[in-house]
Structure formats: structure tokens, C-alpha cells
Amino acid sequence: MADMTATPASSRPRGLPRVNSRLVVMILYLVFLMLPIYWLVNMSFKTNTEILNTFSLWPRDLTFANYVTILTDPAWYTGYINSIIYVTMNTVISLAVALPAAYAFSRYHFVGDKHLFFWLLTNRMAPPAVFALPFFQLYSSVGLFDTHIAVALAHTLFNVPLAVWILEGFMRGVPKEIDETAYIDGYGFGRFFVKIFMPLIASGIGVAAFFCFMFSWVELLLSRTLTSVDAKPIAATMTRTVGASGVDWGVLAAAGVLTILPGALVIYFVRNFIAKGFALGRV
Amino acid sequence: MNKTVNQKAWFLVLPVLVLVAFSAVIPLMTVVNYSVQDTFGQNEFFWSGLIWFEDMLASERMWDALGRQLMFSGIILAIQVPLGIFVALNMPKSGVWSSVCLVLMSLPLLIPWNVVGTIWQIFGRVDIGLLGYTLDAIGINYNYTQDTLDAWVTLIVMDVWHWTSLVALLAFAGLKSIPDAYYQAAKIDQASRWKVFRYIELPKMTGVLTIAILLRFMDSFKIYTEPFVVTGGGPGNATTLLSIDLVKMALGQFDLGPAAAFSIMYFLVILLVSWVFYTVMTNLDKQEG
């Protein structure tokens, strides 16, 4: 199979050793992907003097001071705590409402189901920029400005539709006979759903949770607009540092590395579902 | 799947409906409200009809931003889709290396968008960034904060870096669903590599590729954070895409009326593309079932 995808033999200059072109392509692409990340990690272990004055491919003067700064300075680490709080809230809310809805969409026809499903999709696609100002006014008027729940609720705008679509995609794979058998056996809906159905789509729930977590974690515009001090997310802390005179590059790089970690840690578990998650459960 | 008609299913959907109505419909109505009113401050509004829409449609600023936006989306699609397919074709199909590739390729997708911006902001700087420094060292005059072309190239390379993997992963998922028998038949027929791609792999990937193209179009169409962090819309207005312009107008200058009219037209485009997306999705679902 491998030689089918290689370039045809005739086009290869004679005399050169046979190289596996697939390997070369993949290595080049992965190097392209990893270089900027490598540079960020590299910078996070350097002192500012080294960053600004010397050009080195690895830290000559290895330091963990940047990470220490972030983990000890409240201005930095509260950013992470705030982000984690609203992201977790958002994930829980999104999944809690999306699970029953996805079940309804995957099992039943009802009046307006198609329109509703489509309307959810439009919210996933909606540009946050359109919602920034109205959200600001809405949450200010109900006194929720600069709270975690405001950001969590704002992010449900795109995360609930995402969760519904992903979960529906997984639920369709579960045969309907299982539901019917359970009902015949005398299970009520609630008990059936929690005891039998949810374990069956456990991987789907995990994937949906992962994507809710991720899309809430990576979002900047809404979380920055809706917070000022008390719930300021790490993303906003980072962008507000930039532009001030004398940017602390080392700390900024370390902060960046720390925001990548959560995704990097769990990615292995969802690797086979990542395409499905990004495509709203439709691959 | 054969679904049964059950109107009680509405109760299961109700929480979602209420929540999304709160976070989507109310704000959207605010926008509609602003788009047809004018104010002299002091929170006194009066009806102004469609004047903001006329203003926006006549405003060069919006058309320029739209033009830049379409150019941006067009360029990144033209690069990401072929590149993504090419990478997917070269990915190992199974085994440990397949997992390694999947994990490494997904990594850029999971990086917070502002960090993506920060990474490239640093990476491209002539004084401290690997890319900027290297380009400078080999004698290329590169400065993404001053030069329009450099700013564009930086943004496009950044987006290619960030999102090509998505196209590749989707295409890979499509490729994996092709049974081996197809390839064996092609081998017996002595089909060339190109013919295998054209008549076996491409048709099997059409569905996922359509999804990939639509997703990439939508997401690039509403891109905000990355260019905001890297160039802030500059130099001048050279990289001011739709979302950046809208945020400037709404939150920066507080021009509520025009910004609202702008938002609604922006949203209509999104609605249209979403509808195409939905149609494609439902057709795919039908083919499966």
C-alpha cells in the first residue's frame, strides 16, 4: 500500500536512494506545526536579558523564574483560576441541558424539530463580535457583569449547540431496540437514561465535555468583554500585558505554555474522536 | 433511523430552548432594536427607520472590511484544503505512528486563540522570534507591524498553521472509511496514483470535505482574536477584518446604530452559510441511513 501513495517511480531521478515520501511529508508538516510551539517553550525557560540580547536555540541560562512568577503572583494565577471556574461551569451547564435535548433529537420527531436543530447550528456559527455589545449590556443590566456565571452563560451560546450536535451524532449510533427493551423491562425514563443510556454513550459525553471545555477555554472576545477584575480570565490577562511598555516576554511565554497544557494533557484520550468533535458529530 | 413522532419530546428540548433563547434571542433583539433607532445620548432613543442600513451599505469602510474578509477566507481555503488533503493522504493509517500524528496535529487546534496570536507575534518578531530573525538573517526585509504584505503573510501562515490540521483530520476520517477492497480493485486495474485519488478517494471524501470547507469558511469569516493579538488590525486598516471592525465600532466608538446594522447584515451572511451547511449535513445523514 505504501508504494501506491509514493510518487511514481518514473518521475524520481535515477541513482538517488529510495526515500519514503510519505515520511518526508509528515515530518515536514509536523516540524512546521511544532516550530512555533517549540519557540514559545524555549522562550519560557529564558531570562528576559537572554531573550532580548542573545539569539539561542535553547536556553543557555535555564530558569524557572517565569513559571514561579506566574504561580506566585495573584495577578497571574487568579486568571487561571477564573478561567477554570467559568469553563467548568459552562461545561456542566452545557452538558446538563444538551443531554436530554440530544436524546429527543436522536429518537423522536416533533413539531419544529428540524427548525430547532438548524437554529441551534446558527448559534454555533454566529460571530461572537455580534454578541459582544448586547451581552455586555444584558449582563450589566441584570447585575452579573464581571462574574463567572456571566461568562459561563455567554459561552453556552456556542457550546450548547455544539454539545447537542455532538451528542446527537453519538446517540444515533445506539440502536433503538435498547430503549424499547429497557422500557419493557419496566425502567422509567430517568432511570433508563442514567443507568443504561448514559454509560452506552460515555465516550460521546467525554468528547462533548472536552469540546465544551476547549471552546470555552480558547475564547477571548466574550470573556474579555464581560469581565474587568473579579472574573478576569487568563486570556485577557495575557492580552492586556502586551502593549504595555517593556513586555515581560519570558512570563508571557510561560503563561502561554500553561494555557496549552490542559488541552495537551487530555488530547490523547480523544484523539480518535477529534475529527468528529470538530465536525459537530457528523463524521 | 426510523424515529417515532412524539410531541412530548419537546419537554426534553425545553431547557436548551430557554437557555439559548436567553443567550441568543435577547441579545439579538437588542441588536435589532439599536439598528432602527438613533440617540442623542442620555438613553433617549427614537425611531430612525432603515437609515443605518443605508448608511452601512453606502459606507466604504464596511465594503473594504468585507473585501479583506473575503480575500482572507478565500486565500486560507485555497491553501488549507489542498494542503489538508495532501497531509491526510500521507498520514500513517494505523498503528502507533497514526496516534502520534493525530495527537501532534491536533495540538494547534487546542491552543487558546489569543495564545496562537501570541505565539506568532513572538515567532515573527525580528528581534526575538525564530521566524523573523531567520528571515532577517538571510536578508529578507520582514516586518509584520509596518508592512501590509508582511502582515497578511503572517496572518495567513498563522491560520494555515492553526487550522490545516482540522481539514487533514476530517479528510483522514473520510479516507479511513474506504474499504481495502477498493484499493485492491484499483491495483488489479493498474490504476495510476492519480486515478486512485480521483475516482476512489476524492468521491469518498466529498462529504467530509464539504463539512471541512464550510467549517473553515465560517470560522475564518468570524475570526477575531488571532489577528487582533498579532496585528490589531494594522498596519493602518490593512488587516481589519469584519469582526475587528465591528468590535472597534461597537465597543470602541460606541456607534450603536451603525454597528447594529452591520451586525445584522453580518449575521444574515452567517445564516445563509449555516443553511447550506445544514442541508449538506442532513443529506449526508440520509445517505448513511
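The values are calculated or read from the model by the stated rules, or taken from the named source; none is laboratory data. The shown structure was predicted, so the numbers you read here are calculated from the model rather than taken from an experiment. Cβ atoms come from the backbone with ideal geometry, glycine included; neighbour counts cover every protein chain shown. The protein model used for the area step is the full one, side chains on, heavy atoms only, and it has no ligands, DNA or RNA in it. Shrake-Rupley method; radii C 1.70, N 1.55, O 1.52, S 1.80 Å.
Ligands, DNA and RNA excluded, the heavy atoms of B:LEU214 present near 20 Å² of accessible surface to a 1.4 Å solvent probe. Taking the alpha-carbon centroid of each part, what is the distance from the range A:62-81 to the range B:118-168 in angstrom? Measuring centre to centre over Cα atoms gives 27 Å.
Is the shape of chain A best called rounded, prolate or oblate, per the rule: a/c under 1.5 gives rounded, else a/b larger than b/c gives prolate, else oblate, with a ≥ b ≥ c the square roots of the Cα gyration tensor eigenvalues? It is oblate, given that a/c is not under 1.5 and a/b is not larger than b/c.
Please turn the phi angles of the range A:91-104 into ³J(HN,Hα) values with the Karplus equation 6.51 cos²θ - 1.76 cosθ + 1.60 (θ = phi - 60°), one per residue in order, whole Hz, x for glycine and proline. Listing the rounded values in order: 4, 5, 4, 4, 5, 4, 7, 6, 4, x, 5, 4, 4, 4 Hz.
In this entry, the range A:131-283 is assigned a mean projected area of 12.0 nm², taken as a quarter of its C-alpha convex hull surface. Distances between placed amide hydrogens fall under 5 Å for A:HIS109 paired with B:THR4, B:VAL5, B:ASN6, all partners being 5 or more residues away or on another chain. Peptide B:191-202 has a mean shielding of 1, counted as Cβ atoms of other protein chains within 10 Å of each residue's Cβ. When each full DSSP H helix of chain B is screened for a Cα extent of at least 18 Å along its own axis and an average Kyte-Doolittle hydropathy of at least 0.5, the helices passing are B:60-90, B:148-176, B:202-221, B:256-288. In the complete set of protein chains, residue-level accessible area for A:TYR183 is approximately 80 Å², probe 1.4 angstrom.
Chains A and B together bury roughly 9600 Å² of accessible surface, counting both sides and using a 1.4 Å probe on protein heavy atoms. In 20 Å bins starting at zero, report the fraction of Cα pairs in the protein assembly as shown per bin as a rounded %. Using 20 Å bins, I get a P(r) of 19, 52, 26, 2, 0 for the protein assembly as shown. Ellipsoid fit via the Cα gyration tensor, chain B: semi-axes of 39, 31, 16 Å, each the root of five times an eigenvalue, largest first. Give the distance, in whole Å, between the Cα centre of the range A:143-188 and the Cα centre of the range B:174-205. Cα centres, the range A:143-188 to the range B:174-205: 38 Å.
For the range B:8-49, the calculated P(r) over all alpha carbon pairs, in 5 Å bins from 0 to the bin holding the longest distance, is 6, 20, 16, 15, 11, 10, 9, 7, 5, 1 percent.
By definition, a body whose alpha carbon gyration tensor gives a ≥ b ≥ c is oblate when a/c is 1.5 or more and a/b is not larger than b/c, and the range B:189-284 fits this oblate description.
Let me have the 222 nm mean residue ellipticity of chain A computed from DSSP H runs of 4+ only, each contributing -39500 (n - 2.57), with the sum over all residues rounded to the nearest 500. Display every interim value, and only then the final one.
Working: 15 runs with 193 residues, N = 283.
Calculated from helices alone, the mean residue ellipticity at 222 nm is -21500 deg cm²/dmol.
In chain B, the calculated helix contribution to ellipticity at 222 nm averages -22000 deg cm²/dmol per residue, counting -39,500 (n - 2.57) for every DSSP H run with n ≥ 4. Split the accessible area of the range B:1-153 by element, probe 1.4 Å, and carbon with sulfur accounts for 67%. Among A:VAL19, A:VAL247, the order of accessible area from largest down is A:VAL19, A:VAL247, computed with a 1.4 Å probe on protein heavy atoms. For the set B:LYS286, A:LYS232, B:LYS93, the ranking by accessible area, highest first and with no ligand, DNA or RNA atoms included, is B:LYS286, B:LYS93, A:LYS232 under a 1.4 Å probe. For the peptide B:243-252, the mean number of other protein chain Cβ atoms found within 10 angstrom of a residue's Cβ is 4.
For the range B:8-49, the solvent-accessible area with a 1.4 angstrom probe is 59 square angstrom per residue.
Per residue, the solvent-accessible area of the range A:74-278 (1.4 Å probe, heavy atoms of protein chains only, all protein chains present) comes to 33 Å². If you bin all the Cα-Cα distances of the range B:126-242 at 10 Å, starting from zero, the percentages per bin are 12, 29, 22, 19, 14, 4. Database remark: amide H of B:GLN37 closer than 5 angstrom to the amide H of B:SER48 (H placed geometrically; neighbours at sequence offset of 5 or more, or on other chains; Pro and chain starts carry no H). Remark: spin-label model distance B:ASP38-A:PHE189 equals 5.3 nm, labels positioned 7 Å along the Cα→Cβ axis. Other protein chain C-beta atoms within 10 Å of residue C-beta, averaged over A:133-145: 4.
Quick check on the range B:1-128: what are the equivalent-ellipsoid semi-axes from the Cα gyration tensor, as sqrt(5λ), descending, whole Å?
Equivalent-ellipsoid dimensions as semi-axes: 41, 31, 17 Å.
Centroid-to-centroid, using Cα positions, the range B:4-28 and the range B:47-62 are 34 Å apart.
Could you pull out the GluC sites (Glu not before Pro) across the range B:1-105 that fall in loop regions by DSSP (anything but H, G, I, E, B) with no more than 15 other Cβ atoms inside 10 Å? Loop-located and lightly packed - B:GLU44. Taking a point 7 Å from the Cα of B:PHE22 along the Cα-to-Cβ direction, the residues of the range A:53-95 with backbone N closer than 15 Å to it are A:89-95.
When all protein chains stay in place and ligands, DNA and RNA are ignored, the 1.4 Å accessible-area order of B:ILE188, B:ILE128, largest first, is B:ILE188, B:ILE128. Taken over the alpha carbons of the range A:55-119 as equal point scatterers, the Debye sum produces base-10 log I(q)/I(0) values at 0.11, 0.17, 0.19, 0.30 Å⁻¹ of -0.57, -0.77, -0.85, -1.15.
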